[in-house]
Amino acid sequence: MRHICLYFQVHQPFRLRIYRFFDIGELHDYYHELNNRVLMQRIAKKCYLPMNALLKKLITRYTPERFSVAFSISGTALEQMQLYAPEALESFQDLYATGGVELLAETYAHGLASLKSETEFRRQVQLHAQTLQKLFSAQPKTFRNTELVFFDQLASWVADMGYTAILAEGASTLLGWRSPNFLYTAAAAPSLRILLRNYPLSDDIAFRFSDPTWPEYPLTAEKFAQWFRSLPKHELLINLFMDYETFGEHQWAETGIFSFFEAWVENMLQDKEVRYITPQTALAYHEPIGQLEAPKPLSWADSERDLTAWLGNDMQLDAFESLYALEPLLQNLSPEQHPDLHRDWLRLQTSDHFYYMCTKFFADGDVHKYFNPYDSPYEAYVTYMNVLADFRTRLQNAQND
Amino acid sequence: MKVLMLGWEFPPRIAGGLGVACYGLVKGLVHHGVSVTFVMPLRSGQEPPNSYRLLGANEIETPAEETPATTFWKQVRFYGVETYLGPYLEQLERPILTFLAVPETLPETTTSAPLRLFFTGKYGADLLDEVYRYAYAVSFLAQREEFDLIHAHDWLTYLAGIALKRLTGKPLVVHIHATEYDRSGENPNPIIRDIEAQGFAEADLVIAVSFYTRSIVIEKYGVPPEKVWAIHNAVLPKDRQPVERPPHKRKVVTFLGRVTYQKGPEYFVEAAARLAPKVPEAHFVVAGTGDKLRSIIHRVAELRLGSRFSFTGFLPPAEVERLFDLSDVYVMPSVSEPFGISALEALRAGVPVIISKQSGVAEVLRYALKVDFWDVERLADLIYGVLQYPAITQFFRKFAQEELSQLQWERSSARVLQAYQSVLT
């Protein structure tokens, strides 16, 4: 029995408005309302709604036993759907009700708290789980960290919080010679199972599908299915993890991405030995074949699979350190009494803000530019720091109240 | 007396002190009964109606037929090389190198119909190209305008001034607000430097905005000292009351100007780095843009001071006033500053100033704190003093206001009028 595990990331950040020096101390609304609304509505229309409909069709046709998928939907994306595209949220709820969906846990703000503050990390995972409970009546059992950031310490926190599985990048830095197409456990927390992203096959869809300079272009459903069939017979768990916006946004509908996906699934499922399963189902079917160690954090980003896309240059490090220097100020302020401060604290932690400050303009530059509201990383940094200056003042004032 | 004045900036279309100085000077000359026509690349259309005349070079019709001016231009050769215009580039994103397509600079004189040329009036990548076009268009005023004297501001308009003098025989006064050595240090752009030198050589008289600049003109360009007058800039009287500041605990330390070598922004940052740990409420503002902005932002990030800095980009005049209202001290650490009119504007708004000794404005201000631009320790000390001891602010406010009242454009332009008279007789 060969299993394919599909997991899609749904996330949108609250992008900042042009926030100037003169606004500091005067204006406490940091977000580009129009930009955020228009983008969320566009993505809902081009990606969430049509792809949810397609997935629902496949789940219904093949039953959840043969076709299921996993999603992680960030707290900020859920907020934006509620604010700007309630039909998208309903569509996800509807899809979840089919029984063919597993929802994963992540940090509420899709942030990098795990790299800086265990307390904040745990708090946000909890907050996200509460949100899933409220909106979907779902209790996540599998955890995925922002951009698949993974390291030993994280594995032990996640296991401690009661999660049984975690997703990570199938990078050679983690696996060495080993294959990602098996289940592993974390050396730091042996009870925690690790599912590893098969990045060549994932990126064939996510990045290369519509690239005419790729030798395999155009990618057909038959060809892609054939690649799965030609994998070693004993490698039975193939994990394809990607941004959900791949369908309809990163790859426009005109590229044929939707019909490709449907045809590929149908092609694969002609073989009765193939099933599309979710991480928790994988745990039931597969035994771990080894332990993995990650003393240093790794991610799914760029060719380096490290953190340099978010925390690579001085601007990013300065912004990141300045942000978490504020955490102690939050601890004296209850979310009930200061809902605005807590909302902004979450939204400012979203990893996209740091991504926009990235100065790596190499092969990955295209990805970094996507949905990026700024002309340059310098502007992103200057804007973010201005906002932080105002936010700090508000936190300080609240301490004295 | 009728003066044809050539300049690149005039309010509200200004990028820095040049436009502010031209405005004050014109108003002062009008006050003394001089009739002024001011020719800029293009008018914004927002200028207030006034007793002087503004003309855009883009409004000047260049004729199709052979005229003395077209004949003159046939004898002029232009440079066409890759050139470095760094300090002038306005945008963060602009390329630093630009190829000047000089063969296309001027229209063929054999065009069948009269033509008006295109101008941006900015300091863009095609600046030199625009400077040539400006000179070409303005030269046709030789026959059409009546004037007694030509007065050209900075190298941007010197070619136009030279052409007009050659065509009319009228005296030429060139005004120097900043030399290429101020902008670029010891590595001047050779084209700009040559245009400046040519302007000084052909002029009947050179007006420098300070003794500091006068000495550069004499030493670096070999201009005979008797031909160079130092006439200081001034400041227009305050036409508004400072806005009452909201009670902020924050103390704002301001740098304002182009973020270029000349203005010394890196000394501001290094002084801030020394000050920041000692004065937690200090916030540093860098207002302006330029070719050094990115490296300055990088340095601030490297020092982990981003949360203590704000970068505003270029600010229009109304926002400069707003910034002064919010500022506790104005710092001008220029490496080489011919004058530094913004220091007077800061004082006018009641903001104490710390200025570099390498500035023209230091010659006229007794009640300002002065520091060598490279002495960042001392600069940090002085900023600390102004922020921590309100008595210093009180003291400077009181005496600086008296001093400012002496620095009026009526006075400066009376001296300019004397200069005019000296070349007309």
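The values are calculated or read from the model by the stated rules, or taken from the named source; none is laboratory data. Being a predicted model, the structure only gives us computed values, none of them experimental. Note that we place each Cβ from the backbone using ideal geometry, even for glycine, and neighbour counts take in every protein chain shown.
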Give me the pairs: first residue in segment B:401-412 and within 12 Å of B:E345 (Cα to Cα), second residue outside any helix (DSSP H, G or I), beta-carbon distance under 7 Å, and six or more apart or on different chains, which are they?
B:L404/B:V235; B:L407/B:A234; B:L407/B:V235
I'm checking my understanding of the structure. Among residues of segment A:275-324 that are small (G, A, S) and more than 23 Å from B:R304 (Cβ to Cβ), which one is farthest from the other protein chains (Cβ to nearest Cβ)?
A:A284
Does A:L388 satisfy being within 9 Å of chain B (Cβ to nearest Cβ), modelled with pLDDT of 80 or more and farther than 17 Å from A:E147 by Cα?
yes
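Test B:A362 against the stated conditions and say whether it is farther than 22 Å from B:T289 by Cα, surrounded by 18 or more Cβ atoms within 10 Å (Cβ to Cβ) and touching a Phe, Trp or Tyr at 6+ places or on another chain (Cβ under 6 Å).
On the way: farther than 22 Å from B:T289 by Cα: yes; surrounded by 18 or more Cβ atoms within 10 Å (Cβ to Cβ): yes; touching a Phe, Trp or Tyr at 6+ places or on another chain (Cβ under 6 Å): no.
Here the answer is no, as B:A362 does not meet what is asked.
Give B:Q408, B:Q418, B:Q388 a once-over and let me know the one that is closer than 22 Å to B:A208 by Cα and surrounded by fewer than 14 Cβ atoms within 10 Å (Cβ to Cβ).
Numbers: B:Q408 fails: surrounded by fewer than 14 Cβ atoms within 10 Å (Cβ to Cβ); B:Q388 fails: closer than 22 Å to B:A208 by Cα.
Exactly one of B:Q408, B:Q418, B:Q388 is closer than 22 Å to B:A208 by Cα and surrounded by fewer than 14 Cβ atoms within 10 Å (Cβ to Cβ), namely B:Q418.
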Within segment B:131-173, track down each residue that is in contact (Cβ under 8 Å) with a residue 40 or more places away in the chain, under 23 Å from the mean Cα position of the chain (by Cα) and under 19 Å from B:T425 (Cα atoms).
B:L149, B:I150, B:H151, B:V173
What pairs come out if I take residues in segment B:288-317 that are in contact (Cβ under 8 Å) with a residue 60 or more places away in the chain and more than 7 Å from every other protein chain (Cβ to nearest Cβ) and pair them with residues that are surrounded by fewer than 17 Cβ atoms within 10 Å (Cβ to Cβ) and among the aliphatic types (A, V, I, L, M) whose C-beta lies under 9 Å away, six or more apart or interchain?
B:D291/B:I96
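Keeping to segment B:275-287, report how many residues are among the acidic types (D, E) and away from chain A (no Cβ under 12 Å). Working first, answer last.
From segment B:275-287, those among the acidic types (D, E) are B:281; that's our starting set.
With the extra rule that they be away from chain A (no Cβ under 12 Å), the set shrinks to none.
Looking only at that region, the number is 0.
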Just checking, which of B:S342, B:S334 is part of a helix (DSSP H, G or I), more than 12 Å from every other protein chain (Cβ to nearest Cβ), under 18 Å from B:V235 (Cβ atoms) and not charged (D, E, K, R)?
B:S342
Those residues that are modelled with pLDDT under 95 and more than 15 Å from A:P295 (Cα to Cα), I need them from segment A:153-178; list them, please.
A:G170, A:W177, A:R178
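Restricting to segment A:218-267, what's the tally of residues that are assigned to a loop (DSSP other than H, G, I, E, B) and of a type in the set (S, T, Y)?
Step one: filter segment A:218-267 for residues assigned to a loop (DSSP other than H, G, I, E, B), giving A:218-220, A:230-236, A:249-250, A:256.
Next cut, of a type in the set (S, T, Y) only: A:220, A:230.
Looking only at that region, the number is 2.
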Which condition number in (1) out of contact with any strand residue (DSSP E or B) (no Cβ under 7 Å at 6 or more places or on another chain); (2) surrounded by 15 or more Cβ atoms within 10 Å (Cβ to Cβ) is the one that A:S210 fails?
(1)
The residue from B:H175, B:H232 that alone is assigned to a strand (DSSP E or B) and either within 14 Å of chain A (Cβ to nearest Cβ) or on the phi < 0 side of the Ramachandran plot (or both) is B:H175
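Pick from B:L29, B:L42, B:L54: which is among the hydrophobic types (A, V, I, L, M, F, W, C), part of a loop (DSSP other than H, G, I, E, B) and either touching a Cys at 6+ places or on another chain (Cβ under 7 Å) or farther than 20 Å from B:L167 by Cβ (or both)?
Details: B:L29 fails: part of a loop (DSSP other than H, G, I, E, B); B:L54 fails: part of a loop (DSSP other than H, G, I, E, B).
Selected residue: B:L42, the only one of B:L29, B:L42, B:L54 that is among the hydrophobic types (A, V, I, L, M, F, W, C), part of a loop (DSSP other than H, G, I, E, B) and either touching a Cys at 6+ places or on another chain (Cβ under 7 Å) or farther than 20 Å from B:L167 by Cβ (or both).
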